[in-house]
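Everything on this sheet refers to the single structure shown next.
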Amino acid sequence: MARELRAPLLVIGRGQAGVPEDLPADFSSVLSSRLPARVFPSGSGRRDLIAAGGLEVPVWRYEPDSRRQAPPSGALVWLHGGGYVGGSPAQDHLLCSRIARELGILVVSVDYRLAPAHPYPAALDDAFAALRWLHAEAAAEGVDAERIAIGGASAGGGLAAALAQRALDEDVPVAFQLLIYPMLDDRTGAGGVGIPGRGEFVWTARRNAEGWGATWAVRSPSRPTGGRRGAGRCRLDGSTWPGCRTLGSALVT
């Protein structure tokens, strides 16, 4: 990674002097103020507002110009990372543009609500509203309803896993999950105690604990959580928590 792009990322967790920082009231300000403008390119995708389940959710849409001239395509509901407390679709403009262009599909990147101002289940409700909207509007959008996938990175990956569980519970089909280094389990880094050699930069154990605590609107991220709240607590056979059921295909990377 180029030095001028790497340095702003390294100070998020520990500050310029390597000292852990307090979590700002608006964590997204950390990302927007410290990352160069070129990390968040403008002019990619198109902003839209979708409505489903009584919610209006802002999203970014990405699709190649030729998509609607072909048979119905697949689609991807994408969820950005940021520890559940920061980030925005802007950080994944290039990624979503590339996925849409190379696969010839529609990508809907959800600008979901963030903790601590909007704790669980606000983000999950927004994500589920986007998925329901895509199914309801599949024909009008030129999408094959049997080829709708969900995915995300970091917190977005964890949110996508929880979304898959909710979709299964409510009989909304999901063809595939794409989970990139997903933030799945609130027990990882519980209490903010670091492990030597792990989480030294960008996302420390302390930051992880604070993110989970803000998400659950409590300051004890080890508080028992289950079902959709803690996707990583579900066993593959669904026996760990009520509501956790066997899911379909997924790629976790």
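Within the range 78-98, can one find any residue that is touching a strand residue (DSSP E or B) at 6+ places or on another chain (Cβ under 9 Å) and farther than 30 Å from residue 204 by Cα?
no
Condition check ((1) modelled with pLDDT under 60; (2) in contact with an Asp or Glu (Cβ under 6 Å, 6 or more places away or on another chain); (3) surrounded by 14 or more Cβ atoms within 10 Å (Cβ to Cβ); (4) of a type outside the set (Gly, Ala, Ser)) across all residues:
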{"site": "203", "(1), (2), (3), (4)": "no, no, yes, yes"}
{"site": "208", "(1), (2), (3), (4)": "no, no, yes, yes"}
{"site": "213", "(1), (2), (3), (4)": "no, no, yes, no"}
{"site": "238", "(1), (2), (3), (4)": "yes, no, yes, no"}
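Residues of the range 134-152 being crowded, with 23+ Cβ neighbours inside 10 Å and part of a helix (DSSP H, G or I), which ones?
Passing the criteria: only 134.
Read through the list (1) in a strand (DSSP E or B); (2) crowded, with 18+ Cβ neighbours inside 10 Å, then give the number of the only condition that residue 115 fails.
(1)
The values are calculated or read from the model by the stated rules, or taken from the named source; none is laboratory data. This structure is a prediction, so every number in the text was calculated from the model and none was measured. Please note: Cβ atoms are built from the backbone with ideal geometry, for glycine as well, and neighbour counts cover all protein chains shown.
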